[in-house]
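Visitor: Handing you a structure now.
The values are calculated or read from the model by the stated rules, or taken from the named source; none is laboratory data. Because the structure is a prediction, the values reported are computed rather than measured. All Cβ positions, glycine included, derive from the backbone under ideal geometry; neighbour counts span all protein chains shown. Surface accessibility is based on the protein's heavy atoms, side chains included, excluding ligands, DNA and RNA. Shrake-Rupley method; radii C 1.70, N 1.55, O 1.52, S 1.80 Å.
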Amino acid sequence: MRRPIYLDYNATTPVDPRVLERMLPYFTERFGNPASKGHTYGLEAEAAVEVAREQVAALLGTSPERLIFTSGATEALNLAIKGVAEASQHRGRHIVTVQTEHAAVLEACRALARRGWDVTYLPVDAQGRLDPDALEEALTPRTVLVAVMWANNETGVLHPIAEIARRTQARDIPLLVDATQAVGKIPVTVEGIDLLACSAHKFYGPKGIGVLYMRQRPSLRLVPLLDGGGHEQGLRSGTLNVPAIVGMGLAAELAAQTLEEESHRLQCLRDRLERALQEALPDLRINGAQAPRLPQTSSVTIPGVRADRLLATVRTLALSAGSACGSGRGRPSHVLRAMGLSEADARCTIRISLGRFTTETDIDYALDQLTTAIRQLRQSLAVPSST
C-alpha cells in the first residue's frame with residue numbers, strides 16, 4: 001500500500017539518514033555520560049556534545065557557550081518566559097506577546113497570568129503581521145519581557161524581528177524569539193535578540209532536543225525550571241541526551257550548507273502549487289500572501305469546504321488543518337481568527353508545508369488530488385439529498 005505524500009513538514013520532519021547514522025554509535029559503544037569526566041567514555045561523550053554545540057551555534061551566528069540544550073522548543077520557551085519572570089519580578093510583572101504565538105508561549109504566559117503577572121497580547125493585521133509601533137506603545141516601565149515568534153507555524157508569515165529588536169533594545173527590555181519554524185529554513189541570526197528557542201525536529205534532526213540561546217548581559221537572568229545536578233550552566237539540570245544532541249548538531253550543519261539553495265527550490269514549488277490551485281479554484285485564498293513568508297508554507301482557505309472533511313477525503317496526502325499542537329482540540333485556529341477570518345473560514349483552512357524530500361512529482365500529484373476532492377465535496381454539498 002502506497003504511503004501518503006508527506007506535506008506536513010511544519011509539524012515535524014523525518015530524521016535525515018546522515019543524521020541518524022551519526023547518532024547511532026552514541027546509543028551503543030559511545031554511550032558515556034558527558035558529566036563523567038574521569039574516564040574515556042564520559043570524555044568522548046562530552047566532546048561530542050561540544051562539537052554539536054559548535055555546529056548549532058554556527059547556524060545561529062553565535063558562540064557555543066551561549067547555548068543551553070533542552071528537550072525541545074517548548075521547554076526552552078518555558079525556561080525563558082518563566083525564568084525571566086521569576087528573576088525579574090522585583091522590576092515588574094508585565095510581559096508583552098502576540099495573539100498568534102505558538103501554544104508553548106501563550107500557555108506559559110497564561111500560567112504566569114494566573115499567578116498575578118500582567119500579559120499584553122498584541123493583535124496582528126489581516127496578513128498576520130505585528131506592527132512594531134503597537135508593540136512599542138505596549139511597553140511600560142514594568143515590562144520585563146517581550147516574546148515574538150520569527151515565523152508563524154500555521155501561515156509561515158514572518159514578523160519584522162530586526163525592527164522589533166531595535167525597539168526593545170532602545171528600552172532595555174529582553175526580547176525572546178521563538179525561531180522554531182525559521183531555523184534551517186531561512187537565515188536566522190541572534191543579533192539584537194536576548195533569548196531564542198528552536199527545536200531539532202523541525203530541520204531533520206531528532207525529536208526531543210532543542211536549544212535556548214541566551215545573550216550574555218548582566219541584567220539578563222533566568223531562574224531554572226528544574227533543580228538537580230546543575231547541568232548546562234546551572235540552567236537545565238538533567239543528564240544530557242547525547243545521541244539527540246549529536247543529531248541536532250549535524251542537522252544544523254547540513255541545513256547551513258544548503259540553506260539558500262533549498263529555500264529557493266521550496267519557494268518555487270510552493271508558488272507553483274499556489275498558482276495552480278488558484279487557477280483551478282478562483283475563490284481559494286492564500287492567507288498571509290501579501291506578507292513575507294517562509295518559503296515552503298501555504299495556509300489555504302477553501303470557502304465552503306471544511307478542512308476536516310477534506311483531510312478525511314484526501315487520504316493520499318498527509319496534510320494538516322493547522323498547528324500539530326492544536327490538532328484535535330475542535331476549535332478554529334487562533335492564528336486565523338486573529339487575522340480576521342471568520343470561524344467558518346478558519347474551519348475551511350488547510351496548511352501545506354513542503355520540505356527536503358518534496359519533489360515536483362509530489363506537487364503535481366497533490367494538485368490533482370486536492371482539486372478533485374474539493375470539486376467532489378462541493379458538488380456533494382450542492383446536490384440535495386434524495387431521501
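Visitor: Quick one: R217 ticks every box in (1) over 23 Å from R293 (Cα atoms); (2) modelled with pLDDT of 95 or more bar one, so which box is it?
Guide: Answer for R217: the failing condition is (2).
Visitor: Inside the stretch 236-277, can you point out the residues that are without any contact (Cβ under 8 Å) to a residue 60 or more places away in the chain and not in a helix (DSSP H, G or I)?
Guide: Once the filter is applied, which keeps residues that are without any contact (Cβ under 8 Å) to a residue 60 or more places away in the chain and not in a helix (DSSP H, G or I), the stretch 236-277 yields S237, G238.
Visitor: Residues to consider are V190, V177; find the one that is closer than 12 Å to V146 by Cβ and open to solvent by less than 20 Å² (accessible area, probe 1.4 Å). Before you say what the answer is, go through the steps one by one.
Guide: Details: V190 fails: closer than 12 Å to V146 by Cβ.
Going through V190, V177 in turn, just one is closer than 12 Å to V146 by Cβ and open to solvent by less than 20 Å² (accessible area, probe 1.4 Å): V177.
Visitor: Which numbered condition in (1) surrounded by 24 or more Cβ atoms within 10 Å (Cβ to Cβ); (2) more than 24 Å from Q127 (Cα to Cα) is the only one that V183 fails?
Guide: The number of the failed condition is (2).
Visitor: Any idea how many residues of the stretch 223-244 are crowded, with 17+ Cβ neighbours inside 10 Å, farther than 17 Å from T74 by Cβ and either of a type in the set (A, V, I, L, M) or in contact with a strand residue (DSSP E or B) (Cβ under 7 Å, 6 or more places away or on another chain) (or both)?
Guide: 2
Visitor: So which residues in the stretch 235-250 are small (G, A, S) and closer than 17 Å to T13 by Cα? Break it down stepwise before answering.
Guide: Our first condition is that a residue be small (G, A, S); within the stretch 235-250, this holds for 237-238, 244, 247, 249.
Within the stretch 235-250, A244, G247, G249 qualify.
Visitor: Do you know which residues across the stretch 204-222 are crowded, with 24+ Cβ neighbours inside 10 Å and within 15 Å of S71 (Cα to Cα)?
Guide: Correct list: G205, I209, G210, V211, L212, Y213.
Visitor: Now a separate question. Look through R167, R129 and report the one residue that is surrounded by 15 or more Cβ atoms within 10 Å (Cβ to Cβ), in a loop (DSSP other than H, G, I, E, B) and either of a type outside the set (K, R) or touching a residue at least 12 places away in the same chain (Cβ under 8 Å) (or both). Reasoning before the result, please.
Guide: Values: R167 fails: in a loop (DSSP other than H, G, I, E, B).
Just a single option satisfies the conditions, and that option is R129.
Visitor: With A76, A57 as the choices, which residue is closer than 30 Å to R110 by Cα, touching a strand residue (DSSP E or B) at 6+ places or on another chain (Cβ under 7 Å), assigned to a helix (DSSP H, G or I) and open to solvent by less than 10 Å² (accessible area, probe 1.4 Å)? Working first, answer last.
Guide: Numbers: A57 fails: closer than 30 Å to R110 by Cα.
Every option except A76 fails the conditions.
Visitor: Which ranges mark the helices (runs of 4 or more DSSP H) fully within the stretch 298-387 that have 1 or more residues being under 17 Å from L7 (Cα atoms), open to solvent by 20 Å² or more (accessible area, probe 1.4 Å) and at pLDDT 95 or above?
Guide: 307-313, 360-382
Visitor: Filtering the stretch 137-162 down to residues that are part of a loop (DSSP other than H, G, I, E, B) and closer than 18 Å to A85 by Cα, which residue is most open to solvent (accessible area, probe 1.4 Å)? Break it down stepwise before answering.
Guide: So in the stretch 137-162, the residues part of a loop (DSSP other than H, G, I, E, B) come out as 139-142, 150, 152-156, 159-160.
Next, from what is left, pick out any that are closer than 18 Å to A85 by Cα: 139-142.
Numbers: L139: 12, T140: 48, P141: 128, R142: 107 Å².
Step by step, filter the stretch 137-162, then rank; the result is P141.
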